[in-house]
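Asks: Structure incoming, see below.
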Amino acid sequence: MANSMRDIKRRIRSFEKTKQITKAMEMVAASYLRRAQERAQAARPYADKLREVILHIADGTSDITHPMLEKREVNRTGYLVITSDRGLAGGYNSNLLRMLEKTLEERHASKEEYVIFVIGRKGVEYLTRRNYPVIDQMVGLSDRPVFADIKPIARKAVNYYAEEKFDELYLVYNKFINPIIQRPTAQRLLPLEPEKMDASSTQDHRMIEFEPSEKEVLAQILPRYAETLIFSAFLDAKASEFAAKMTAMGNATENANELIEKLRLQFNRARQAAITQEIAEVVGGANAI
Amino acid sequence: MRLEIVTPERTVYEKEEVQMIITHAAKGDIGILPNHAPLISPLDPTIVRVKLNDQLEEKIFVSGGFLEVRPDQVTILAEAAELPSEIDVERAKAAKERAEKRLKNKEKIDAVRAELALKRAMNRLKVTEI
């Protein structure tokens, strides 16, 4: 009996320690989440401004054409998947990857029909192990990413579209809804849909001069805009990651509490049983004499 | 006239009352006074000079992007923008040397990229000089 009491005690202590860690991780995730949300917020004006300029151009002239605005026949699809480098974030990565696999299965007959760009170690490991056509990957990104970190992979994805290596590009990531809910989404990035971008398109139709020409400005601005959207998605995914981590660690802490409570009860019962037995033995012994 | 310099990460610079903005646009140097005609132009890596009043002038490094001019508001959308105090001079110097080396032994490199890198480094250095 004394043996099992010591066992229980040891287990309680170990749970206490785990709890301390999960609690700390929860709080760290919470503070990173706040910062990630701020960053996602701070990135918005840039994307909005770019969109505004594109709309100005789209409004002013009806005959603008650019490959990034035009649907073409889809022979091949690109997917840019954003996962995290680290685990301990609940279903953050697994939900997303499951959704991706389902989408791929539904949409495509063979692996020839798509290529995948992956950000994040978890996604890289999962997808390469299962022999998905991963053509580019990026791991070890900072928790406080800057645009320059994302630019290489974003530029590559956008260039491949421009070079017609694939005919549409989807962003697959966990959209941040609120700190409790993150939704895995697959969102089409290219071709861009200017009609979908509207909302503010009625602003002003004054004549604007474009240097060197409308076409040139458009040709420069559209890839930048697409890259910016990828960056925004990444910031969003980062916020989701920390939110998921916070929830997961919060749950872990709660579970640890529950387990500790149960073990305490067990321990007390065992203690009482031991005392009772001892008394019984003493009484038994006294009676015998 | 209002000036805003915005990057994907944050708003770097924001001033309500600006007298004049001088920079280098697609067709050459440009000076923008209030009530300038609406204009949109891409920017190479360059320096933006902002005249706040007759004496005070500020300089900001911009690593390429777009310039949008409206009569009462100028917006610069840049991939990166730095005030002189934020520039890492040593890093810019190293980047300059690297780019020059690459341009010298011309094989197997993306000359356009190297040139842009050189432009960025040189403008970064220039903006810190004064």
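Every read-out reported here was derived from the displayed coordinates using simple, explicitly stated rules and does not represent laboratory data. Keep in mind the model is a prediction, meaning the values are calculated, not measured. Heads up, the Cβs are rebuilt from the backbone with ideal geometry, glycines too, and the neighbour counts pull from every protein chain shown.
Asks: Output the antiparallel fraction of DSSP beta bridges having both residues in the range A:1-156, as a percent to the nearest 5.
Replies: Percent antiparallel among DSSP bridges in the range A:1-156 is about 0.
Asks: Let me ask something else about it. Relative to the longest principal Cα axis of chain B, at what angle does helix B:111-129 sit, 0 to 90 degrees, rounded to 10?
Replies: 60
Asks: If you don't mind, another one. Hey, which aspartates and glutamates would be in cross-link range of A:Lys111, C-alpha to C-alpha under 13 Å, not counting anything within fewer than 8 residues on its own chain?
Replies: Cross-link targets: A:Glu101.
Asks: Under the definition of Cα pairs under 8 Å and six or more residues apart, what whole-number percent is the relative contact order of the range A:79-196?
Replies: After rounding, I find 29 percent.
Asks: Can you give me the angle between helix A:147-162 and the longest principal axis of chain A, using Cα atoms only, in degrees from 0 to 90, rounded to the nearest 10?
Replies: Relative to chain A, helix A:147-162 is tipped by roughly 50 degrees.
Asks: Oh, and also: Using only alpha carbon pairs under 8 Å that are at least six residues apart, calculate the relative contact order of chain B and give it in whole percent.
Replies: With pairs under 8 Å counted, the relative contact order is 23 percent.
Asks: Just to be sure I understand the model, the point goes 7 Å from the Cα along the line to the Cβ. What's the resulting B:Leu125 to A:Arg155 distance in nm?
Replies: Here the modelled spin labels are 2.2 nm apart.
Asks: Around B:Ile21, what is the net charge, scoring Lys/Arg as +1 and Asp/Glu as -1 over all other residues with Cβ under 9 Å from its Cβ?
Replies: Once all neighbours under 9 Å are counted, the net charge is +2.
Asks: For the range B:2-82, what proportion of DSSP beta bridges, expressed in % and rounded to the nearest 5, is antiparallel?
Replies: 85
Asks: Also, quick follow-up: How many Cβ atoms of partner chains, on average, are near each residue of A:88-100 if near means within 10 Å of its Cβ?
Replies: If you average over the peptide's residues, the count of other-chain Cβ atoms is 0.
Asks: Something else about it: In the range A:6-113, which trypsin sites (Lys or Arg not before Pro) are in a loop and have at most 14 other Cβ atoms within 10 Å, using DSSP for the loop call?
Replies: Of the trypsin sites (Lys or Arg not before Pro), the ones in loops of the range A:6-113 whose Cβ has at most 14 other Cβ atoms within 10 Å are A:Lys71, A:Arg72, A:Arg86.
Asks: If the only charges are +1 at each Lys and Arg Cβ and -1 at each Asp and Glu Cβ, what is the size of the charge dipole of the range A:134-283 around the Cα centre, to the nearest 20 debye?
Replies: Rounded to the nearest 20 debye, it is 640 debye.
Asks: Taking chain B as the reference, fit the longest principal axis to its C-alpha atoms, fit the long axis of helix B:89-104 to the helix C-alpha atoms, and give the angle between the two in degrees, 0 to 90, nearest 10.
Replies: For helix B:89-104, the angle is close to 60 degrees.
Asks: Anyone know which of B:Asp72, B:Asp54, B:Asp44 comes out most mobile in the 10 Å Cα GNM of chain B?
Replies: B:Asp54
Asks: Which of the lysines could a cross-linker span from A:Lys156 if the Cα-Cα distance has to be under 16 Å and same-chain partners fewer than 8 positions apart are dropped?
Replies: A:Lys165
Asks: For a quick check: sort A:Ile279, A:Ile82, B:Ile87 by the number of other beta carbons within 10 angstrom, fewest at the front.
Replies: A:Ile279, B:Ile87, A:Ile82
Asks: Quick one: of the DSSP bridges fully inside the protein assembly as shown, what percent are antiparallel, nearest 5?
Replies: Counting DSSP beta bridges with both partners in the protein assembly as shown, the antiparallel share is about 65 percent.
Asks: Same structure, new question: Go ahead and estimate [θ] at 222 nm for chain A from helices alone: -39,500 (n - 2.57) per DSSP H run with n ≥ 4, summed, over the residue count, rounded to 500.
Replies: -21500 deg cm²/dmol
Asks: Something else: Arrange B:Phe61, A:Phe147 by Cβ neighbour counts within 10 Å, fewest through most, would you?
Replies: Ranked by crowding around the Cβ, least crowded first: A:Phe147, B:Phe61.
Asks: Where a Cα-Cα gap under 24 Å defines reach, which lysines qualify for A:Lys17, not counting those fewer than 8 residues away within the same chain?
Replies: Result set, ordered by chain and number: A:Lys9, A:Lys245, A:Lys262.
Asks: Below 8 Å, C-alpha to C-alpha, sequence gap of six or more: please give me the relative contact order for chain A in percent.
Replies: Relative contact order here is 33 percent.
Asks: Within the range B:70-120, which trypsin sites (Lys or Arg not before Pro) sit in a loop by DSSP and count at most 10 neighbouring Cβ atoms inside 10 Å?
Replies: B:Lys106, B:Lys108
Asks: According to a simple spin-label model (label point 7 Å from Cα along Cα-to-Cβ), what is the distance in nm between B:Glu16 and B:Glu115?
Replies: Distance between the two pseudo-spin positions: 4.3 nm.
Asks: Among A:Thr128, A:Thr77, B:Thr7, which comes first, then next, by fewest other beta-carbon atoms within 10 Å?
Replies: Lowest count first: A:Thr128, A:Thr77, B:Thr7.
Asks: For the range A:153-289, I need the span (max minus min coordinate) of the C-alpha atoms along each principal axis, in Å, sorted largest to smallest.
Replies: Principal-axis extents of the range A:153-289 (Cα, largest first): 113, 36, 20 Å.
Asks: Mean residue ellipticity at 222 nm from the helices of chain B, using -39,500 (n - 2.57) per DSSP H segment of n ≥ 4 over the full residue count, to the nearest 500 deg cm²/dmol?
Replies: Result for chain B, helices only: -9000 deg cm²/dmol.
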